[in-house]
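Here is the structure we will look at, set down as structure tokens.
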Amino acid sequence: MSVHILGGSQTDFAVNWHRAGLGFDTLVRGAVEEALTEARIDGADIGVIHVGNAFGQLFTGQGHLGGMPATVLPEFWGVPASRHEAACASGSMAALAAMADLESGRYDCALVLGVELEKTVPGAQAARYMGAAAWAGHEAQDTDFVWPTMFAAIAEEYDRRYGLDPAHLRAISELNITNARSNPAAQTRDWAFNSESFTADDAANPLVAGVLRRQDCSQMTDGAAVVVLVSDRFLEQRSDIPSSRRAVITGWGHRTVGLPLEQKFSGSAGEPYVFPHVRQAVLDALSRAGLADIHAVDGVEVHDCFSMSEYVAIDHLGLTAPGESWKAVESGDIGRDGSLPVNPGGGLIGIGHPVGATGVRMLLDAYKQVTDQAGDYQVEGANRFATVNIGGSTTTVASFVVEAVGS
């Protein structure tokens, strides 16, 4: 049985919902109502709801977010719903759970909602909250900035194994910020930068941790993303939904390893890839989609919480040999007009990273690309897109392949 994407929505990631005096209720209501309209269905069609959220209790005090859709939209009263948490991969876990519901035959129409509010506290406190996705009390204890420190350590490991030029990381950041200029929902679309912003200038682009500088880091973001997933059985009864507005999830991969980063490094010491499980998640998705390799897709949404995480994604996708991601950066292969566009709408660095929403937003952008609805950041002729979403220091990995109907 196939799982189809009918449509979805993304809120404007530039909006600071806390500053506007708004909370999860307003955020969820608006995102879901727009998604239903885009998918051309009614709330009564939804059989099950899956919510991805990582840090609700920490940033807002609000847990039990599976109950929020029914709180704000009466048509969901009584509809089964649950929340899923896997750090930055929370949204992808919600999507996988929805797919399983559809494939089992329990339900035929699922709403997948990813949502996060992060701008409720000062930046340093927010960074400490997000440290909960590492092995709390066991790693990165000497810093409040856990994730810049952790991904700087990944950069150091790459440098030790293969060599690494930080200029390539800065080029990734500049490309994603540039791509985001074309995305009307991107957090950074109107941000001002100058000629020094993506250089090693300590004033214009100060160091944050290790070799990572300010523009190498995605920013705290509020927002939500929604996709509507349906089964073949649903479509058999809905001939009014045109195939041009639908896409199919043809492949998926999901791998999980232990929390500590050093454990990951030691476990892969004799392997060609720093994170073999990330490579395997990608291969799982490609294999289930019946694809020989990553070159069979027309573009990829990858997890650039830091420029270093995109650098990791490039070689683990198989776009280059292990440790040679710099070749795809220098050649322009990952540009919007390159041989394999990566993050054509801006990625996490450009679009923003409301943690629980990111995996869903990736699926939504993949859907937009293969249905020719991505607007100014459309990859010309795209029929097949992949995603790679990670949680923590790659502890949880999810990958999807999304295809146009009939591709």
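Quick notes on this structure:
- All positions within region 62-106 that are open to solvent by 50 Å² or more (accessible area, probe 1.4 Å) and farther than 29 Å from Thr394 by Cβ: Thr71, Pro74, Glu75, Trp77, Gly78, Pro80, Arg106
- Residues of region 178-194 that are among the small types (Gly, Ala, Ser), in a loop (DSSP other than H, G, I, E, B) and touching a helix residue (DSSP H, G or I) at 6+ places or on another chain (Cβ under 8 Å): Ser182, Ala185, Ala186.
- Checked against the criterion of being on the phi > 0 side of the Ramachandran plot and within 19 Å of the chain's Cα centre (by Cα), region 171-186 contains not a single residue that satisfies it.
- Residue check for Gly253: modelled with pLDDT of 95 or more, open to solvent by less than 10 Å² (accessible area, probe 1.4 Å) and either on the phi > 0 side of the Ramachandran plot or of a type outside the set (S, T, N, Q) (or both): yes
So that you can scan it fast, the table gives a plain yes or no per residue for (1) without any contact (Cβ under 8 Å) to a residue 24 or more places away in the chain; (2) part of a strand (DSSP E or B); (3) touching a helix residue (DSSP H, G or I) at 6+ places or on another chain (Cβ under 9 Å):
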| residue | (1), (2), (3) |
| --- | --- |
| Val51 | no, yes, yes |
| Phe59 | no, no, yes |
| Gln62 | no, no, yes |
| Gly67 | yes, no, no |
| Val79 | no, no, yes |
| Arg83 | no, yes, yes |
| Ser92 | no, no, yes |
| Ala95 | no, no, yes |
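- Failed condition for Arg361, given (1) farther than 17 Å from Trp252 by Cα; (2) buried (at least 24 other Cβ atoms within 10 Å of the Cβ); (3) basic (Lys, Arg): (1)
- The single condition among (1) touching a strand residue (DSSP E or B) at 6+ places or on another chain (Cβ under 8 Å); (2) open to solvent by 40 Å² or more (accessible area, probe 1.4 Å) that Val278 does not satisfy is (2).
- From Asp216, Asp201, residue being open to solvent by less than 60 Å² (accessible area, probe 1.4 Å) and in contact (Cβ under 8 Å) with a residue 60 or more places away in the chain: Asp216
- Region 126-157: number of residues that are polar (S, T, N, Q) and either modelled with pLDDT under 95 or part of a loop (DSSP other than H, G, I, E, B) (or both): 2
- Residues within region 130-148 that are under 17 Å from Gly356 (Cα atoms) and buried (at least 18 other Cβ atoms within 10 Å of the Cβ), tallied: 5
- Listed conditions (1) under 19 Å from the mean Cα position of the chain (by Cα); (2) surrounded by fewer than 24 Cβ atoms within 10 Å (Cβ to Cβ); (3) closer than 20 Å to Val226 by Cα are all met by Ala127, apart from (3).
- Residues satisfying the stated conditions in region 219-238, i.e. of a type in the set (Ser, Thr, Tyr) and farther than 20 Å from Tyr107 by Cβ: Thr221
- Number of residues in region 1-60 that are acidic (Asp, Glu) and out of contact with any Ser or Thr (no Cβ under 7 Å at 6 or more places or on another chain) equals 4.
- The helices (runs of 4 or more DSSP H) located wholly in region 243-348 that include 3 or more residues which are more than 22 Å from Pro148 (Cα to Cα) occupy 276-288, 325-331.
- When residues of region 1-35 are limited to those that are part of a loop (DSSP other than H, G, I, E, B) and farther than 23 Å from Thr120 by Cβ, the one least open to solvent (accessible area, probe 1.4 Å): Ser2
The values are calculated or read from the model by the stated rules, or taken from the named source; none is laboratory data. What you see is a predicted model; the values in this text were computed from it and never measured. Methodologically, a virtual Cβ is constructed for each residue, glycine included, from the backbone with ideal geometry; neighbour enumeration extends over all protein chains shown. To get the accessible areas, we keep the full protein, side chains included, count just its heavy atoms, and leave off ligands, DNA and RNA. Shrake-Rupley method; radii C 1.70, N 1.55, O 1.52, S 1.80 Å.
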